[in-house]
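**Q** Okay, here's the structure, questions in a sec.
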Amino acid sequence: MLLASRALQGAANSFTTPVLLAVIAASTPKEKLGRALGLFGSMQAAGQTSAPLVGGLTAEIDWRLAFVVISVVAVGLAILGVPQTDAEPERNASLRSAFVPSTLWPALVGFIGWGCLGGLSFLVAFRLDDVFGLGAGERGVLLTGFGVVGFVTARFVGKAIDRFGAATTAVLGATLGAGLVAAVGTTPLAAIVVLAWALTGAAAQGVLVSINALVLQSDNANRGGSVSVVQSLRFMGAAAAPLAFVPLYQAHPLLGFLVPAALLITIPAIVTLSGRAGGTRRTPQPEAPPRPR
């Protein structure tokens, strides 16, 4: 029952996130879409960071209470609903219409980006234990730096998208993330590991907010379906990370970090090959009206 309920939670999340992103895209001017998505990413990071803490505190009283809190919040959100938009729904949209290059390329970036950034938290925990001998509580606190920095920086990422374009910020986020992941796996100082991992949260937002913008700024009418494809590949990347990287870490700890770093370096090439760079430059700002003479 518990596992089935958790699976149902995941299925519900797969519906709500694309719907919210589609509402944001429909209700936000294109020149401000990056900032809106940055704020959305910031709130997501805040939720992901605080959830283990809140869940742990409620579980100290009774583990069932954690799920009661989730249920109460879900009912409250259902009552509030989502804002109405003036956009007409695309009733003829099909799932096949979402599987187009303008969706699949960002989805591939999301698969690699989230699998090699957010999906590496377990390896960082391994290293903090194996190399530095930190306890479970200490590791848990230090790992939250990823989410905290992601929360703080996501809005700035959104502004960068509006100014420089989603393709550019995705490339910068992936490149920065590659260097930080390599630093986490190679540095002999625990403080550097913690700092580099925290900054990786900013790099992850650079990739994730950008791929959402790439899809929502495209001409595809089925934007909700396209976002669903991107998000599903993102979560598949996180799910595949332990299967892919734990054997590498066991073979040699450096491989567990250097291979993900190398995969992140492929993202700039993917963005370039996708041909999206030319179509996702900064949206021109409206010209100021002429001054009265």
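Please treat every number below as a calculation from the coordinates, not as lab data. As the structure is a computational prediction, the values presented were derived from the model and not from experiment. All Cβ positions, even for glycine, are placed from backbone atoms using ideal geometry, and neighbour counts span all protein chains on display.
**Q** Using only the Cα atoms, work out Rg/Rh for the chain, with Rh taken as the Kirkwood radius, to two decimals.
**A** Looking at the chain, the ratio lands at 0.99.
**Q** Say the dipole of the chain comes from +1 at the beta carbon of Lys and Arg and -1 at that of Asp and Glu; which of 170, 204, 119 then lies farthest toward its positive end?
**A** 170
**Q** Would you mind working out the magnitude of the charge dipole of the chain relative to its Cα centre, with +1 at each Lys and Arg C-beta and -1 at each Asp and Glu C-beta, to the nearest 20 Debye?
**A** 780 debye
**Q** Which percent of the Cα-Cα distances in segment 104-234 go past 23 Å?
**A** Of all Cα-Cα distances in segment 104-234, 34 percent exceed 23 Å.
**Q** Can you list, largest first and rounded to whole Å, the semi-axes you get for segment 184-272 by taking the square root of 5 times each eigenvalue of its Cα gyration tensor?
**A** Those come to 30, 15, 11 Å.
**Q** Still on this structure: Along Cα→Cβ, 7 Å out, is where each label goes; now give me the distance between the ones at residue 219 and residue 59 in nm to one decimal.
**A** Distance between the two pseudo-spin positions: 5.0 nm.
**Q** Between residue 187 and residue 3, what FRET efficiency comes out of the Förster formula 1/(1 + (r/R0)^6) with R0 = 35 Å and r the beta carbon distance, rounded to 0.05?
**A** Efficiency computed from Cβ-Cβ geometry: 0.40.
**Q** 222 nm [θ] for the chain, helices only, -39500 (n - 2.57) per DSSP H run of 4+, per residue, to 500?
**A** The per-residue figure over the chain is -26500 deg cm²/dmol.
**Q** Using Cα-Cα distances under 8 Å and only pairs 6 or more residues apart, what relative contact order does the chain have, in percent?
**A** 31 percent
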